[in-house]
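In what follows, a single structure is set out as structure tokens and then discussed.
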Amino acid sequence: MEIFKITYYTDPLCCWSWAFEPQFRKLKFLLKDRLQLTYVMGGLLGDWQNFNDKMNDIARPAQFGPLWMQARVLSGQPIDENIWISKPIDTSYLACMAVKAAGLQSKIAEEAMLRKLREAVMMNKKNIGDVDVILEIADDLEQNRVLKKGKFEEDFFSDNISKLFRQDLDRTRAMGITRFPTLLITYKDKTYQITGYRPFHELIKTFSVMDMNLQLDRPVDKEEYLNSWENLTPRELSEITSASKELKTV
């Protein structure tokens with residue numbers, strides 16, 4: 001069977017990427033071995049001195065709050081937007097580099113680091129721009145036998161990781177990608193693009209264009225799905241257990 005090669009441009013600090021997790025997790029589950037996934041860290045927030053999101057009218061931390069609240073309301077994913085008042089993040093670059101460092105160990109470690117960073121900032125109001133928070137996550141992943149913390153620290157603070165992350169930034173700019181999440185999907189030598197938050201029925205339409213025989217609307221076994229992930233938010237579980245409401249695209 002043909003493989004779907006997906007390049008996923010994202011950032012651990014992107015609320016819309018977190019909002020998209022229920023749909024994307026379901027997609028990964030259904031495609032299984034037909035999916036070849038590559039993450040590219042797009043570097044959402046370098047520093048506030050040079051940051052200006054004209055599309056969302058954001059130039060200072062407190063202005064992120066309403067955007068995160070919108071993502072929470074539209075998606076149903078748990079997001080605590082109050083972090084932008086109580087503990088505003090200074091940069092997402094360190095979190096991006098943490099994902100790259102974990103990825104040097106395995107794809108599983110890369111996925112786990114990205115997920116834990118998102119949970120930490122979106123749900124638990126932790127500053128993922130703080131090295132200590134990142135190392136706490138690495139320690140947790142080591143205890144779960146997903147990551148070797150010693151190697152992670154060595155890689156995380158290395159010039160090589162700075163180089164790899166810079167390559168991701170250059171790749172994002174070269175492709176003209178300015179919004180996350182963005183998926184570039186290559187299938188049978190054709191490339192398709194999905195940008196922004198999308199409900200699952202829209203993913204079905206896009207993938208049906210690529211392969212008319214692909215059945216992404218088939219039922220998902222709840223127990224098998226639960227066993228496929230370390231944890232699921234209520235919204236993620238509802239994606240496969242109920243007819244989730246058709247939410248707006250962004």
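No value in this document is a laboratory result; all are computed from the given coordinates. From a predicted model like this one, the values you see are computed outputs, not experimental measurements. Positions of Cβ are backbone-derived with ideal geometry, glycine not excepted, and every protein chain shown enters the neighbour counts.
Grab every C-alpha pair in the chain, bin the distances at 5 angstrom width from 0 up to the longest one, and report whole percents.
1, 6, 13, 17, 20, 19, 14, 8, 3, 0
If eta is 1.306 mPa s and T is 10 °C, what Stokes-Einstein diffusion coefficient results for the range 51-169, Kirkwood Rh from Cα pairs, in µm²/s? Spell out each step's value before the answer.
On the way: Rh = 15.1 Å.
The Stokes-Einstein estimate is 105 µm²/s.
When the convex hull of the C-alpha atoms of the range 137-246 is computed, what volume per residue in Å³ does it have?
Each residue corresponds to 172 Å³ of Cα convex hull volume.
Can you tell me the Rg and the Dmax, both Å, for the Cα atoms in the range 54-102?
12.5, 33
Any idea how far apart E136 and S242 come out in nm if each label point goes 7 Å out from Cα toward Cβ?
According to this spin-label approximation, the distance is 3.2 nm.
To the nearest 10 degrees, how steep is helix 200-210 against the longest Cα principal axis of the chain, on a 0 to 90 scale?
70 degrees
How tilted is helix 21-31 with respect to the longest principal axis of the chain? Cα atoms for both, answer in degrees (0 to 90, nearest 10).
50 degrees
Where in the range 158-196 does the amide nitrogen come within less than 15 Å of the point 7 Å from the Cα of K205, taken along Cα to Cβ?
193-196
Exposure proxy check: K116, K188 ranked by fewest other beta carbons within 10 Å?
With the sparsest Cβ surroundings first, the list reads K188, K116.
Mind pulling the angle between the C-alpha long axis of helix 64-75 and the longest principal axis of the chain? Nearest 10 degrees, somewhere in 0 to 90.
That works out to roughly 20 degrees.
Considering only Cα-Cα distances, which of the following residue pairs are longer than 29 Å: K163/K188; K5/K87; K26/K100; K87/K116?
The pairs that break the limit, which is 29 Å between Cα atoms, are K163/K188; K5/K87.
Note down the magnitude of the dipole of the chain about its Cα centre, charges +1 on Lys and Arg C-beta and -1 on Asp and Glu C-beta and zero elsewhere, to the nearest 20 debye.
640 debye
Could you work out [θ]222 nm for the chain from helices alone, using -39500 (n - 2.57) per DSSP H run of at least four and dividing by all its residues? Round to the nearest 500 deg cm²/dmol.
After summing the helix terms and dividing by the residues of the chain, the value is -14000 deg cm²/dmol.
Assuming R0 = 25 Å, can you tell me the calculated FRET efficiency for the pair K163 and R60, based on Cβ-Cβ distance, to the nearest 0.05?
0.20
Return F157, F24 ranked ascending by Cβ neighbour count within 10 Å, so the fewest neighbours appear first.
The fewest-first ordering by Cβ neighbours comes to F157, F24.
Can you compute the label reach from V73? Point 7 Å from Cα along the Cβ direction, backbone N cut-off under 20 Å, restricted to the range 196-229.
Backbone N within reach: 197-199.
State the answer as a single residue: which of L183, N227, L214 lies farthest towards the positive end of the charge dipole of the range 145-235, with beta carbon charges of +1 for Lys and Arg and -1 for Asp and Glu, about the Cα centre.
L183
So what is the diffusion coefficient of the range 1-121 in µm² per second by Stokes-Einstein at 20 °C and 1.002 mPa s, using a Kirkwood Rh over Cα pairs?
Reported coefficient: 139 µm²/s.
Sorting I137, I85, I240 on the 10 Å Cβ count, fewest up front, what's the list?
I85, I240, I137
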